[in-house]
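Visitor: So that we are looking at the same thing, I have put the structure below in structure tokens.
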Amino acid sequence: MSYSNVPLIDQQVQSHLSGLLGLAEYRDLLSQTVIRLSDTASRLGEPLEQKDLRKLVHWIKGSLGTLGLARLASIAAQIEVRCCQGTASDEDVPLLRDIIVDSHGALENLLNPLAP
């Protein structure tokens, strides 16, 4: 599946969420997600069972989707499906690391203009 047609950041979700929470809370949410993504990346260096990988991917999918990182959430959703089906492969962990790196960068870019 090609994800190039899925936007990296869904501007409507971002705008709605920042309007709903207010800028300070939105900034805090983004900051907390950046920290948690860094922790998640370190866990990927450890051997993981399918169920643990599925839990990590599920969190990533949900968090990134909530924050409007549509393309990355879609890729995480596909990895989650493979985990649930028991068909996740060794290639999924590096792909997941790439998602985290891309997400971290995208979140940092969202945070920069929101700095107090």
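The values are calculated or read from the model by the stated rules, or taken from the named source; none is laboratory data. The structure presented is a predicted model; accordingly, all values stated were derived computationally and were not measured. In this analysis, Cβ positions are derived from the backbone assuming ideal geometry, glycine residues included, and neighbour counts consider all displayed protein chains.
Visitor: Pairs needed: first member in the stretch 34-60, under 18 Å from Ile75 (Cα atoms); second member anywhere, of a type in the set (A, V, I, L, M) and not in a helix (DSSP H, G or I); C-beta distance under 7 Å; at least 6 residues apart or different chains.
Guide: Gln50/Ala88; Leu53/Ala88
Visitor: From the list His104, His58, which residue is of a type outside the set (Lys, Arg), surrounded by fewer than 19 Cβ atoms within 10 Å (Cβ to Cβ) and within 15 Å of Ile9 (Cα to Cα)?
Guide: His104
Visitor: Val13 versus (1) surrounded by 14 or more Cβ atoms within 10 Å (Cβ to Cβ); (2) of a type in the set (Val, Ile, Thr); (3) within 18 Å of Ile99 (Cα to Cα): which is the lone unmet condition?
Guide: All conditions are met except number (3).
Visitor: Turning to a different aspect of this structure: When Gln12 is evaluated against the numbered criteria (1) touching a Gly at 6+ places or on another chain (Cβ under 8 Å); (2) modelled with pLDDT under 85; (3) in a helix (DSSP H, G or I), which criterion, by number, is the only one it fails?
Guide: Failing condition for Gln12: (2).
Visitor: Another question, then. What number of residues within the stretch 61-76 are assigned to a helix (DSSP H, G or I) and touching a residue at least 60 places away in the same chain (Cβ under 8 Å)?
Guide: Within the stretch 61-76, residues that are assigned to a helix (DSSP H, G or I) and touching a residue at least 60 places away in the same chain (Cβ under 8 Å) number 5.
Visitor: In addition: Only one of these is part of a helix (DSSP H, G or I) and either over 16 Å from the mean Cα position of the chain (by Cα) or modelled with pLDDT of 90 or more (or both): Ser103, Ser38, Ser18. Name it.
Guide: Answer to the selection: Ser18.
Visitor: From the list Val81, Val93, exactly one residue is among the hydrophobic types (A, V, I, L, M, F, W, C), in a helix (DSSP H, G or I) and without any contact (Cβ under 8 Å) to a residue 12 or more places away in the chain. Which is it?
Guide: Val81
Visitor: Among the residues of the stretch 66-73, is there at least one that is at pLDDT 90 or above, surrounded by 14 or more Cβ atoms within 10 Å (Cβ to Cβ) and closer than 20 Å to Ala106 by Cα?
Guide: Checked against the condition, which is being at pLDDT 90 or above, surrounded by 14 or more Cβ atoms within 10 Å (Cβ to Cβ) and closer than 20 Å to Ala106 by Cα, the stretch 66-73 yields no hits at all.
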